[in-house]
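> Attaching a single structure in structure tokens format; questions to follow.
The values are calculated or read from the model by the stated rules, or taken from the named source; none is laboratory data. From a predicted model like this one, the values you see are computed outputs, not experimental measurements. With ideal geometry, Cβ positions are generated from the backbone for all residues, glycine too; neighbour counts draw on all protein chains shown. All accessible areas refer to the heavy atoms of the entire protein, side chains included, with ligands and DNA or RNA removed. Shrake-Rupley method; radii C 1.70, N 1.55, O 1.52, S 1.80 Å.
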Amino acid sequence: EERFVVSTYGTGVRPKIETGISSAFRLWKGPGNIAIRNLEIQASGRNPESVEFAGWGQLSNPTGVSIGVDSNSVLLEGNTISYYGNNIIVISPNPHADIVIRKNHVHSAYSETAHSQGLFARYTSILLEENIFDHNGWSKQNPTGSQGSKDEGAATMFNHNIYLEGTRSSIIRNNIFSRASSIGM
């Protein structure tokens, strides 16, 4: 009956989860009443500035936090989520309810092979509040030789900080959207 919490407590540096070129959290097929709070979640093998960087052309397209089929009552709060193909995905054939994304820093999502967003949400009721969505949908503006391709995570008109589809009964307030590949929201 109580919320399942993945978090930390006390003082000091927040825990950092480095997933290389793999996905981090997949909430799928019915889990609900979950909170992921105060973590740093990074696809370290996709961070071009990391010693773990796998190299251009060698990258998979993982997701930081994937909220799937019938997952309701999910809270993402106070996290930093970065360098995934999509940092957060909320998707299901059935409408989600009670998805709260609050006070997160979501940045640097990009892909060499597919569309990329800081947040992609479909068929959901969502509270999106006091987040920073920055530099999502691209890694480099115009890498050498790319000219409109997705090479090295180049910016395209199809990648955004946030892409919402079929959302309803949602509240979006006091967020910062900056430096998106194409559209902030």
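> Which residues, taken from the range 110-144, are touching a helix residue (DSSP H, G or I) at 6+ places or on another chain (Cβ under 9 Å) and assigned to a loop (DSSP other than H, G, I, E, B)? So that I can check it myself, show each step before the final result.
Filtering the range 110-144 down to residues touching a helix residue (DSSP H, G or I) at 6+ places or on another chain (Cβ under 9 Å) leaves 110-112, 116, 137-140, 143-144.
If the condition is that a residue be touching a helix residue (DSSP H, G or I) at 6+ places or on another chain (Cβ under 9 Å) and assigned to a loop (DSSP other than H, G, I, E, B), then 110, 111, 112, 116, 137, 138, 139, 143, 144 are the ones that fit.
> Those residues that are within 12 Å of the chain's Cα centre (by Cα) and surrounded by fewer than 24 Cβ atoms within 10 Å (Cβ to Cβ), I need them from the range 80-96; list them, please.
Residues of the range 80-96 that are within 12 Å of the chain's Cα centre (by Cα), as a first pass: 80-90.
Matches in the range 80-96: 80, 82, 89.
> While we're on this one: Just to check your reading of the model, which residue among 112, 77, 152, 165 is within 15 Å of the chain's Cα centre (by Cα), acidic (Asp, Glu) and open to solvent by less than 70 Å² (accessible area, probe 1.4 Å)?
Numbers: 112 fails: within 15 Å of the chain's Cα centre (by Cα); 152 fails: within 15 Å of the chain's Cα centre (by Cα); 165 fails: within 15 Å of the chain's Cα centre (by Cα).
When all the criteria are applied, what remains is 77.
> Quick check on my filter: what residues within the range 5-58 are over 18 Å from residue 81 (Cα atoms) and surrounded by 11 or more Cβ atoms within 10 Å (Cβ to Cβ)? Break it down into steps so the answer makes sense when it comes.
Step one: of the range 5-58, the residues over 18 Å from residue 81 (Cα atoms) are 9-12, 28-33, 51, 54-58.
If the condition is that a residue be over 18 Å from residue 81 (Cα atoms) and surrounded by 11 or more Cβ atoms within 10 Å (Cβ to Cβ), then 28, 31, 32, 33, 54, 56, 58 are the ones that fit.
> Looking only at the range 86-100, decide whether some residue is under 14 Å from residue 176 (Cβ atoms) and at pLDDT 95 or above.
Here is the first cut: in the range 86-100, the residues under 14 Å from residue 176 (Cβ atoms) are none.
Checked against the condition, which is being under 14 Å from residue 176 (Cβ atoms) and at pLDDT 95 or above, the range 86-100 yields no hits at all.
> For the subset of the range 59-74 comprising residues that are at pLDDT below 95, of a type in the set (A, V, I, L, M, F, W, C) and closer than 19 Å to residue 3 by Cβ, which member is surrounded by the fewest Cβ atoms within 10 Å (Cβ to Cβ)?
Across the range 59-74, the extreme among qualifying residues is 74.
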